[in-house]
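Taking it in order: structure first as structure tokens, then the write-up.
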Amino acid sequence: MRWAALVIVLAAASRADGRVVMRPRDPPVVQACRTRPSWTEVERCLDKLGTFTLERSLDRARLVHVWIDSPDGEPKQDAGVYVFIQQKDSTWRVGGMFAEGMNDTVISFAAVTIERHVGYRLDVGTLERTPFTLDGAPPIQVVIRRLTSLYCYGNNHHCVQVMTGCEMMSRGKTLLAFHGSARIERGDIVVDGDTSRAGSVCASTPRFSLGWAEGDN
């Protein structure tokens, strides 16, 4: 699948519709490992939950993918990807996350400066297999591929996220699609792209406030 240019920013969780994703209860990784005095202690904390891989490493920031142990010998649960940021006092703190649990694949991770604040950008590809009803016809099995871009301010695990790529396919045929890109304009995230074939599944919010000037995400 070919995605349009990746031009977005930072990490989190839930639908890619241009919002700050707030969960009613902090995920297990955040509850257990929110702040640790050293990177060694972060690794020990994650090991107690299950297994993890170091996906990307930047100056003072690391991105990990975590799988949590399940009871009764069931397969490990995909707990998502997490941004850990080293603070001025050398402690490490969760500064962003994305936890769809749908075969998440990290595409890029980078530091970005917006509104004079340095945050982090995370681009993640997901794949979902699900039944879908189109125009009142009987349900069919479809595969939905999405490209989600997250902008993480870094002061907590909540991030703003947008969808810049999406394809819904069945039996090799593309039913719905959106290939776009994102840009920052006066503190807003603007998503450009042709929405004529997006439908409701692949629709993306065209413009919304990032909120970094206020530091409120």
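Quick note: the coordinates plus some simple rules give every number you see, no bench work behind them. Computed from a prediction, not measured in an experiment: that's the story for all the values here. Here the Cβ positions follow ideal geometry from the backbone for every residue, glycine too, while neighbour counts run over all protein chains shown.
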**Complete:** Listed by chain and number, the residues whose amide H is under 5 Å from that of Met97, excluding neighbours fewer than 5 places away on the same chain and using placed H, are Ala11, Ala12, Val83, Cys159
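Please give me, ordered by residue number, the trypsin sites (Lys or Arg not before Pro) of region 120-196 that lie in loop per DSSP and have at most 11 other Cβ atoms within 10 Å. Intermediate results must be reported in sequence, preceding the final value.
Details: sites: Arg121, Arg129, Arg145, Arg146, Arg171, Lys173, Arg183, Arg186; in loops: Arg171, Arg186.
When the trypsin sites (Lys or Arg not before Pro) of region 120-196 are filtered for loop state and at most 11 Cβ neighbours within 10 Å, Arg171, Arg186 remain.
Say R0 is 22 Å: what FRET efficiency, to the nearest 0.05, do Thr113 and Thr51 get from their beta-carbon distance? Display every interim value, and only then the final one.
Numbers: r = 34 Å, r/R0 = 1.53.
My answer for the efficiency is 0.05.
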**Message:** Along the Cα→Cβ direction, 7 angstrom out, place labels at Arg197 and Phe132. What is the inter-label distance in nm?
**Reply:** 1.2
**Rg and Dmax of region 130-190, Cα atoms only, in Å** = 15.8, 46
**Item:** Where only C-alpha atoms are counted, convex hull volume of region 52-99 per residue in Å³
**Value:** 74
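Hey, could you grab the Kirkwood Rh for region 159-206? Inverse mean 1/r over distinct alpha carbon pairs, Å, one decimal.
Numbers: mean 1/r = 0.0876 Å⁻¹.
The answer is 11.4 Å.
For each of Cys159, Cys45, count neighbouring Cβ atoms within 10 Å of the residue's Cβ, then give the residues from fewest to most. All intermediate terms of the calculation are to be shown ahead of the outcome.
Values: Cys159 30, Cys45 17.
Ordered by Cβ neighbours within 10 Å, fewest first: Cys45, Cys159.
Within 10 Å of each residue's Cβ, count the other Cβ atoms and sort Met169, Met97 from fewest upward. Could you put the intermediate results ahead of the total?
Details: Met169 15, Met97 30.
Exposure proxy ranking, most exposed first: Met169, Met97.
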**Prompt:** Once phi is turned into θ = phi - 60°, what whole-Hz ³J(HN,Hα) does the Karplus curve with 6.51, -1.76 and 1.60 give for every residue of region 54-69, x standing for Gly and Pro?
**Reply:** 7, 7, 8, 9, 10, 5, 6, 8, 9, 10, 10, 10, 10, 10, 9, 4
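Hey, what's the Cα Rg ratio for region 89-149 versus the globular rule of thumb, 2.2 N^0.38 Å? It would help to have the intermediate numbers written out before the result.
Details: Rg = 17.4 Å, N = 61, 2.2 N^0.38 = 10.5 Å.
Here the answer is 1.66, to two decimals.
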**Request:** Step through the residues of region 138-150 one at a time and calculate ³J(HN,Hα) from phi using the Karplus curve (6.51 cos²θ - 1.76 cosθ + 1.60, θ = phi - 60°), rounding each to whole Hz and writing x for Gly and Pro.
**Result:** x, x, 10, 7, 10, 10, 10, 10, 10, 10, 10, 10, 10
**Request:** Run down the lysines and flag those whose C-alpha is under 25 Å from the C-alpha of Lys48, throwing out any fewer than 8 positions away in its chain.
**Result:** Lys76
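Taking R0 as 22 Å, what's the FRET efficiency between Asp89 and Asp59 from their Cβ-Cβ distance, rounded to 0.05? All intermediate terms of the calculation are to be shown ahead of the outcome.
Details: r = 17 Å, r/R0 = 0.75.
Efficiency, rounded to the nearest 0.05: 0.85.
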**Asked** What angle, in degrees between 0 and 90 and rounded to the nearest 10, separates the Cα long axis of helix 39-49 from the longest principal axis of the Cα atoms of the chain?
**Response** 60
**Complete:** The set of residues whose placed amide H lies less than 5 Å from the amide H of Ile114, leaving out same-chain residues fewer than 5 positions away, is Gly119
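Over the Cα atoms of the chain, what is the Rg over Rh ratio if Rh follows Kirkwood? Walk me through the numbers on the way to the answer.
On the way: Rg = 17.7 Å, Rh = 17.9 Å.
Taking Rg over the Kirkwood Rh, I get 0.99.
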